[in-house]
1. Going by a ≥ b ≥ c, the root eigenvalues of the Cα gyration tensor, does the range 696-789 fall in the rounded group (a/c under 1.5), the prolate group (a/b larger than b/c) or the oblate group?
2. Taking a temperature of 4 °C and a viscosity of 1.567 mPa s, what whole-number D in µm²/s does Stokes-Einstein yield for the range 509-664 with Rh from Kirkwood over alpha carbon pairs?
3. Would you mind checking the tilt of helix 471-487 against the longest principal axis of the Cα atoms of the chain, expressed as 0 to 90 degrees and rounded to 10?
4. How much length would be gained if the chain were fully extended between residue 832 and residue 900, taking 0.36 nm per residue of separation minus their Cα-Cα distance, in nm to one decimal?
5. Starting at 0 and stepping by 5 Å, how many percent of the alpha carbon pairs of the range 55-148 end up in each bin?
6. Would you kindly state how much longer the chain becomes between residue 1021 and residue 69 on full extension, computed as 0.36 nm times their sequence separation minus their alpha carbon distance, in nm to one decimal?
7. How high is the relative contact order of the chain, in percent, counting Cα pairs under 8 Å that sit 6 or more residues apart?
8. For the range 922-977, what does the alpha-carbon gyration tensor say about shape, rounded, prolate or oblate, given a ≥ b ≥ c as the root eigenvalues, a/c under 1.5 as rounded, and a/b over b/c as prolate?
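Laboratory data are not the source of any read-out in this text; all were calculated from the coordinates shown. Please read all numbers here as calculations on a predicted model, not as lab measurements. Using ideal geometry, Cβ is built from the backbone for each residue, glycine included, and neighbour counts are taken over all protein chains shown.
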C-alpha cells in the first residue's frame, strides 16, 4: 500500500479505491474492514507514519513534504526535465537529465510483486526507461561518445533480447568504435538467440548490415588525416545536423549538404568527421577537391569520385553503352575494357544528357547510400555543378549525399555556384551549415590539445583575442609558439602577442615555414607552383635534387604537417592557405623557372598521353615564359573540353590562347593562329551563349576579317554561322549577302550539302523580309535537294536537319500566301519527321514554329498545347532560344483563354528572356501580340506606343513579314478604344491590306479586309468593303483546290466569330 501511495504521491486516493484495489475478491464492507486493520497495524509499526501520510475518513494521501526520497518520482522528474530541455534544443541539459534518469533505474519496479495494479505501472516505467536509453544512445552517437552509447545499448538489449533494432544499433556502434570483431559477435549472438528461442533467422536489414560491416576490408576507406587527430570542439550542433542529413539519405533521398564559412574555420575537419562516420559503418564515400590554381579540368571532381576503387570496380560491370560514355572522363576504361570503342566527340547540347545519365549510373552501381564529398566547391567547374543539379533530380537513386565545403566570401564571385545554391534553396534540396568561430572555452580546449598543457585564463584570453576563434589560426598560432613555451623564454601570453592578428594569417604560416631547412622550403615552393595534388614522381622529375634528398625534405614537410599524404605517393597541402602563402613568397624569376621545370616534368611523365594534363601544361608553360607551348596546350585542352560539351570551359581556355597570340606574336603567323583559334572558339560560343550573343557577333566579324586578310577560303559552315547570327541579331541585309555568297560558293565547289544550307538561309531570310514568293522558292528548292543520306553531315557541320527545318518554315510561308490547309499539313509532316529522326535541336525548332503557326491561325487551344510541348522539350534539352519564344505564345494563349494576368506576365517575361539571348528577330511581332493584350486590359496608350515601337523597328531592321499583322492589331486597338478613332483604324486596316498585297501575303490581307468589312458594316461603305474582301478572296483561291477553299472559309468564319 505504501508503494502505491508513493507512486501516486500527487493524488488523493479514496479509501474505497484502495480497498477495492487490494482486496478485489472481498465484499466492499469486508474490504473496508481489512483496510482499517491494515492502517491500525501500520500505526503500531510506524508511530511517525503521520509525517508521511495524511489519513482521514474518506482519503489517504502521501505528504509531498515527507522527508523521504522516492526514486520513481525522481526518475519521472528527470524525464520531464529532459523533455523541457529538448523543446528548448538544449542538448547538454537534456543529456544530463537523461543520464541521471538512467542511473536511477537500477531494476524493474518491485520485480517480485505480481499484483495486477503494479504490473501496469511496472510496464509503464520500463517503457519510459527504454525510451531514455534509446534517446541517450542517439545523443551519445551524435557526440561521438560511442563507448557510452554502447553501455546504453547493452542495457537496452538486456531488457529485450529479441529486438533486432537494438542488435543493429549495437553492431553500428561497435563499428563506429573501430571494433568490427565486436560487431560480428553481436550479430552472431542475434542469430543464436532468434534461432534457439524463436526458430527464425535475422531479418534482411540485419543481414545486410552485417555483410556491409564485414566487407570493410574491401572498401577504400579514406586515410585519417593528421588534422583528424585534433578533436572536433564546439561543433556538436553542426555534427548533429550532418548525421540527420545522412539519416535522410539512408531512406533513399538525395540531398546536398553545404558546409560554409571562411578559410580555416574547420569546414574540411567537420566533413572528415562524417566521412569516417559512414565509412566505419561500411558505406562508401568518394572524395574530390577543387583548386584555385589554373588548369582545372572539366568534370574533374566527378572523375576523382569515379576513380574511387569500390566505385570503379562497380562501373566495370555496367552496360557497354554507359561505360562508353564514362570513358570520356576515364580514358583508362578503354585500356581496362579492350572491347570498348572510344566514344565520338560530343558536339551538341542534347548529347550531354546521355553523358549525365551515364555518370549517375556509374556512381550508383552499388545500389547503396553513397557520400560524395567535394572540398572547396567555390572553385568547382561549371560542368560539374550542372551535373550535380541533374543528379539531384534523377529518380530511384539509392540515396546520395553530396557534401561540399565552400568559402562563403568566394561565393558571390562564382556566378554559376551562386545560381546553383539559389536553385537548391528554392527546391528544398539543400541543408546548409554556416560555421562560426568557436568560443573562448573551446579555444582553450583546442589549444590545450595541441600544446599538451592547459592554458591559464590570461593566455586563453590573449589567444582568443588574436585568433578570434578561428580554429586554423588557433592551431597554427599554438604550434608556432609551442617550442618557446617549452623553453620558457617568455610567458605564454607574451609569446601569443608576438603572433600577428588572424587577418594576417600569412604571417602565422610564415612563422612555421621559418623552421624549415632550405631544401625543404625549396621543395614546398615547388609543390606550391604545381598547385593541384602533387605526386612524388612530379616532384622527382621537377626537382634538381637527388631522390634521397627529396624524400628527406618531404618527410620534414610531413612532420611539420604542412603537407599530408592522401594516398600512396600522392600529396596535398594540409591547408590551401599554406600553399597560397608559400607561392606568394617566391620571386618572379624563380617562379618562372619552377613553372618551366614542372611543365617539362609533366611532358616526360605523360609523354604517351598528354590530354589529361593539357590544361595544366598550358598554365605552366604560360607562367614559365614559353607562350608558344602554352598556346598549343590551351588549344588542345580547349578541344578536349569541347568534346565533352564543356563549352564554357572551352571558351575560357581558347580565349586564353587568343590572348597569348595577341600579346606575343606578330605578322602572318599571328593571323593564321588567331584564325584557327577563332574557328574553334566560334561553335563553342554559339552553343554556350546562342547565335545572338554579342561575343558570337564579334567573333564572326573577326573571322570574316581575318579570312579576307589571309585570302583564306571562308568555309561553308562559317558562312552559314555568319548568316544566321546576323539574322538572329536583326541584321537581315548582311544575312542575305552571306546566304548569296554561300550559294555561289556551294555551286563553285559542287557542295550539295552546302547548297541545301544556302537555300535554307535565303529562304528564312526572305521569310523574315516578307518576300514570301522568294522564300517559298528557296525553301522548296532546299527540300528537293535534301538527301536523307546526308543527315549526319548536316548535323555535324550545321547542327540541324534542313529537311525538317525547311518544311516547318515553308509551312508558315504557305500560310501567309493563303494556303492554310497545305500549311497545316506540311507543319504536321515536319513534326512527324522530327520525331522520327530524333535530333533534339531540329525537333525543338519544329515544335516552336508549329506553335507559332497555330498562333497565326488564331487557334488558342492548339497554341497552348503546342507551346507547352515546345517549352517542356526545349527546357529539357536546354534550348533557351526556343523555350523563351514559346513562352510568349503560351502566355498569349492563356490570356485569350481567360487567364489574363498570368498570361500577360508570361508574355512579358518570355520576351525579356528571349532578348537576353541576344536575339532581335521576331520581336516586332511579339511586341504586337503584347500590345493587343495591353489594349484588351484597358492600357490603350501603352499599347499604341508599343505598336509604334514595333513598326519603327521593322523599318530599321527590314523585318517586314509581320508588318500587315501589326498594322491590323493597331487598327483593332484604335477601333475598340473609341469610335472617334475610326479614321485612324481605317488607315491602319487599309495600309495592312496594301502591305500584304505587295508581299502576296493574301491570308494577312484577307484578315485585315475582314476587320475593315466589320468596321464598315451597316454604313454607306459596307458594299465597298465587301467588294474589297471578295476581290482578295478570288485572288487568293484562284489556284486553290476545293478542300483548300473550305479550310480558308472555315478559318475566316472563325475570325469573324472572334
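1. Numbers: a/c = 2.30, a/b = 1.27, b/c = 1.81.
It is oblate, given that a/c is not under 1.5 and a/b is not larger than b/c.
2. Working: Rh = 16.3 Å.
Result for D is 79 µm²/s.
3. 50
4. Values: separation 68, 0.36 × 68 = 24.48 nm, distance 3.27 nm.
This chain segment gains 21.2 nm when fully extended.
5. In order of increasing distance, the bins hold 2, 12, 19, 18, 17, 14, 8, 5, 2, 1, 0, 0 percent.
6. Details: separation 952, 0.36 × 952 = 342.72 nm, distance 10.96 nm.
331.8 nm is the gain from fully extending residue 1021 to residue 69.
7. That works out to 6 percent.
8. On the way: a/c = 2.21, a/b = 1.91, b/c = 1.15.
The shape class here is prolate.
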